Amino acid sequence: MMLMPYWLRMYVLSKQIRLITKVIVHHSLTADGKVVNYKAILKYHTSWRYKGRILTETKGRKLLAEGKKVTKPWRDIGYHFLIEEIAGSYYVFVGRPLHWEGGHTKGQNETSIGICFVGNYDACKPPKEMLKLGAKRLVVPMITMFGLTTDDIYGHRDFARKSCPGEKFDLDTFKKIVKENK
Ligand SMILES: [Zn+2]
């Protein structure tokens, strides 16, 4: 099989997959501040929801009929990747397939990759080891593959009136770690 020229491959890639121009970082803080994990976030995103709570389909449809702002179940978890601590070690989870647009940042899902650092970083700083794993295993390969730089790394708060990925999550520190691990 003849190999396509590089520029043509990139063109096909951008048409078949998505044109990815940024990486958006999140934390998993929930309204009730409970400890969450990949499984819980997946369940939440794929359930009927109202004001941060999971509903049955019957209840969801009833509230929807009453004109309430109910969220219908998504087809998958909203993030493309998650980084989580389990028993003192950090692991990367693959979430929504990369070629599907995510459900994490209003107005930016079409052109971004959404990465969630599981935890509440309004309350404490994200552990250095967690940031390093996220940089090395996820953000560095992603920006390399999609021809991006550390300037293309954003926090959810850059696009919404939220603190996400957390008041104590310093994006400049994270970008520095990304640069060190390139
Ligand atoms: Zn967020």
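Here, each number is a calculation from the coordinates, and none is a lab measurement. Predicted model, so just to flag it, every value in this text is computed and none were measured. Don't worry about glycine lacking a Cβ; one is built from the backbone with ideal geometry, like all the others, and counts go over all protein chains shown.
Points to keep in mind about this one:
- Degrees separating the helix 6-16 axis from the principal Cα axis of the chain, which is the longest one: 10 degrees
- Here's the picture: a label point sits 7 Å out from the Cα of residue 168 along the beta-carbon direction, and within segment 115-155 the residues with their amide nitrogen under 16 Å of it are 117-131.
- Note on residue 91 and residue 106: their simple-model spin labels are 3.4 nm apart, each label 7 Å out from Cα toward Cβ.
- Full-extension gain in nm, residue 15 to residue 59, via 0.36 nm per residue minus C-alpha separation: 11.9 nm
- One quarter of the surface of the convex hull around the alpha-carbon atoms of the chain equals 12.7 nm², the direction-averaged projected area.
- Share, in percent, of DSSP beta bridges within segment 34-134 that are antiparallel, nearest 5: 75 percent
- Taking 15 Å as the straight-line reach from the Cα of residue 132, the aspartates and glutamates in range (excluding those fewer than 8 positions away in the same chain) are 84, 85, 170, 172, 180.
- Straightening the chain between residue 179 and residue 46 buys 44.4 nm, computed as 0.36 nm per residue apart minus the Cα-Cα spacing.
- When you count the other C-beta atoms within 10 angstrom of each residue and take the mean per peptide, 104-113, 172-181, 76-85 line up highest first as 76-85, 104-113, 172-181.
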